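Written below as structure tokens is the structure these notes are about.
The values are calculated or read from the model by the stated rules, or taken from the named source; none is laboratory data. Note that this is a predicted model, so its numbers are computed, not measured. A quick note on method: Cβ atoms are made from the backbone with ideal geometry, for glycine too, and the neighbour counts reach across all protein chains shown.
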Amino acid sequence: MKTQIFIVTGFLGTGKTTLVKRILQFSDDLSKTIVLVNEFGKTGIDSALIKSTATADIVELSSGCICCSLKTDMIQTLQILQHDYAPERIVIEATGVADPLGIIEALDDRMLSAYFSLNKTITVVDSEFWEAREAFGSVFTSQLNQADILLLNKIDILDPPQLSVILEEIAVQAPKARIIPTLYCNIDPDIFWADTKKADRKKNASLKPYDPQKDMYFFVTGTMTAKEAGFVSFSFQTTAKLNEALFFRFLDTVPLNLFRIKGPVRFAHKTMMLNFAGGKWQWQEWPDEASTHLVFIGWTVVKDDILEKLNVCMITT
């Protein structure tokens, strides 16, 4: 099995290290994970980051900086890691001025392609600097274009109308990305680690027990709670079957500021687990056909509008 590569990119100060730290703190199993951080003048990984991650068995390199501008150095470093540690996952936190396309192209090199596979690129964007994006040049454009997940961070500085405009603009410039508004890069690890390039999982795949409460990752962030900052969480539950065509039509109308929907959905002839994040969704076959139970997370979302649209999807007899 190839080692999965996760690239975290974004300009200086956007919150990349905060994101990596959160993912390490709240992920269940990091026993086969290596984190590489590249900043000017730094080598290896951030020791403070690792020390705060009690559950992680993560390798710290005494030397071996991922230098995104030097393809040869990166190839050699990844080869050493593969030979010495055989990791299942490597997270590369690229320097803020790095073009992620350079890392992606390096992974296609014949010396790496047999051992490594790009899982996804995660781009962190600072809300405060979006309006000045043209000054950041082609590197910033590439960070947007290559993003599979795009975190619009520090949204507490925006008002709701401004957020809606920015999300629409980002959707145009990063059409393939899952776009998620965040405070302090706070997303659940499931979004980060999930393989978005795979199709629906087969029925005999291992299924984790689903607990909607575990998706309520709203803890105190800085000086305010996420709820105080405008985040909204609510749920929808029914034993009635949903019309599949109407439900997919509903997903097509979900606003970008409603960035998380998760839970089982009971259709007429099957029940599926929905994992929706940032405008994109994945489905997984689900054995429990008792009810639909969806958890929603968004920012300044009108709950009643969403629930009203879902009620229309119910099959009445």
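Annotations for the structure displayed:
- Candidate set: the stretch 164-194, residues that are aliphatic (A, V, I, L, M) and assigned to a helix (DSSP H, G or I); chosen: the one modelled with the lowest pLDDT: I191
- Apart from one condition, M111 fits all of (1) in a loop (DSSP other than H, G, I, E, B); (2) at pLDDT below 90; (3) surrounded by 17 or more Cβ atoms within 10 Å (Cβ to Cβ); the exception is (3).
- Test for Q173: is it on the phi < 0 side of the Ramachandran plot, in contact with a strand residue (DSSP E or B) (Cβ under 9 Å, 6 or more places away or on another chain) and surrounded by fewer than 19 Cβ atoms within 10 Å (Cβ to Cβ): no
- A residue that is assigned by TED's automatic domain parsing to the domain that holds V125, over 23 Å from the mean Cα position of the chain (by Cα), charged (D, E, K, R) and modelled with pLDDT of 50 or more cannot be found anywhere in the stretch 58-70.
- Members of the stretch 278-310 that are within 24 Å of T182 (Cα to Cα) and part of a helix (DSSP H, G or I): K303, D304, D305, I306, L307
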